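Below you'll find the structure, written out as structure tokens, and then a few comments.
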Amino acid sequence: MSDISRFFEDRVEGSQESLATALGQVALPSEVDDADLYFEHTTREHYSLEDGLVKKAGQEVSQGVGARIVSGEKTGFAFTEELSPRQIALALESARRIARGSGGGQPLALSRPGRPGLDLYPTTDLALDRPVPEKIEILATIDRLCRKESSRVVQVMASLAFEQKTIQIVRADGQVVVDRIPLTRLNVSVIAQEGENRQTGSYGWGGRTDFSAIASPKNLAHACREAVRMAMVNLSARPCPSGTMDVVLGPGWPGILLHEAIGHGLEGDFNRKGTSAFSGRIGQRVASPLCTIVDDGTIPGRRGSLNVDDEGTPTQRTVLIENGILKGYLQDRQNARLMGTRSTGNGRRESYAHTVMPRMTNTVMLPGETDPAEILASLDRGIYAVNFGGGQVDITSGKFVFSMSEAYYVENGKILHPVKGATLIGNGPDVLTQVRMVGSDMSLDSGVGTCGKDGQSVPVGVGLPTIRVDGLTVGGTT
């Protein structure tokens, strides 16, 4: 980690001692409960191809530092793009004034910069270190593979995005944490045509991986097959019937329903303020006994995983619901302190220009013991939802609406045909109590999740086994 420490020493126009002095002046008085400086340097690259031609290619670099002072329930926050002791001191003073803590502290004794023991992503063979032609060749390969899959493919679009974020967190307790965090993402979209019928299919893949993973011929072939398969499914889809039905959710990405309809309601800030449908319910039954749900930021290589959160706390595996009983919430340092508990390593921010709030990492329902084929065969009349699109959720009530991007109509345990225009309508807490069967096939999503909250976006992951949920409202076109 010494190279990361030197990385910021070379960019900050001053010594570690000057940072300690600036932070100590505002961080130690009794009126201040917490404080930190969050340094960030991010490089992003993006490439896109359409019909065999590279349409866009670019790189952007950003850097800055966010200063945060916490006093009770108040948070003072300011940021600057200029990494100088003077600007950092001004940002800290602005944050202090917002939080209304008094000044007059003493210089901190900073620890030696270091990273906790977790090692969840690669530090070599990163995409940003590879030549541009190698990245362009990936896009060209995608175009060839998609067209080879079917003669009905009339248009191919592909994009690559790479990110490398280097951070240094200086906390009020003198701890200094550094990390270098990679992120990759691949998207493939195709348009297929049959007569006058034109339909789109897409697939995304990514994570905190090295270049060889995203350039893997196996992974590229899978992404192309899935995008083309989805277009073929949509070509034959029929209007979805509507009404109250039993629904089987497939493994993996349908866990986004879990994330949106339930996960946000388990974040500490909503529960501290009493605005969540789960507020004050720890120890109570909130789900079927078949349901155990965890948030796990320690899964290697996953999009939502982090060695440390954005407050320098190591991420962990947090049990939220165990056998239907609510066990706890997701916490950052401030909300944990105010609720009399400990941070779960879920303090996250979009960038140095944003303050921290409790957020999910990888939110997963653990597998059950039932064969997924048995679950589908149990469905007399209903919908088998394999992939989800967008959705909306009301955190206070738990009500949600989700569109299904791949779904099938089922009768007597048999898939009859794909459907289009399908939506799921329900209530998050109610959905958990309506789970009747949980499969043994839990899988994680393909690595494309992005979570929005209060105007901030962060990468996340989801996971789900095949499950059966009874009595959901299905919105359709017939």
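The values are calculated or read from the model by the stated rules, or taken from the named source; none is laboratory data. Small disclaimer: the values here were computed from a predicted structure and weren't measured. Heads up, the Cβs are rebuilt from the backbone with ideal geometry, glycines too, and the neighbour counts pull from every protein chain shown.
List of remarks:
- Any chance residue 237 is over 23 Å from the mean Cα position of the chain (by Cα) and at pLDDT 95 or above: yes
- Residue count for region 228-251 satisfying the condition of being surrounded by 21 or more Cβ atoms within 10 Å (Cβ to Cβ) and part of a loop (DSSP other than H, G, I, E, B): 3.
- Scanning region 49-84 for residues that are among the acidic types (Asp, Glu) and over 30 Å from residue 270 (Cα atoms), we see that the one that is surrounded by the most Cβ atoms within 10 Å (Cβ to Cβ) is 50.
- For residue 336, the test of being in contact with a Phe, Trp or Tyr (Cβ under 6 Å, 6 or more places away or on another chain) and either closer than 30 Å to residue 65 by Cα or crowded, with 22+ Cβ neighbours inside 10 Å (or both) is failed.
- Within the set 301, 268, the sole residue that is at pLDDT 95 or above and on the phi > 0 side of the Ramachandran plot turns out to be 301.
- Count of region 128-162 residues, restricted to those that are in contact (Cβ under 8 Å) with a residue 60 or more places away in the chain, assigned to a strand (DSSP E or B) and surrounded by fewer than 19 Cβ atoms within 10 Å (Cβ to Cβ), is 2.
- Residues (under 30 Å from residue 187 (Cβ atoms) and modelled with pLDDT of 90 or more) located in region 32-51: 38, 40, 41, 42, 43, 44, 45, 46, 47, 48, 49, 50
- Number of residues in region 351-398 that are of a type in the set (S, T, N, Q) and under 19 Å from residue 476 (Cα atoms): the value is 2.
- Residue ID - nearest to the chain's Cα centre (by Cα), chosen from residues in region 49-71 that are without any contact (Cβ under 8 Å) to a residue 60 or more places away in the chain and under 30 Å from residue 273 (Cβ atoms): 67
- Note on region 345-368: residues that are outside any loop (DSSP other than H, G, I, E, B) and over 25 Å from residue 63 (Cα atoms) amount to 4.
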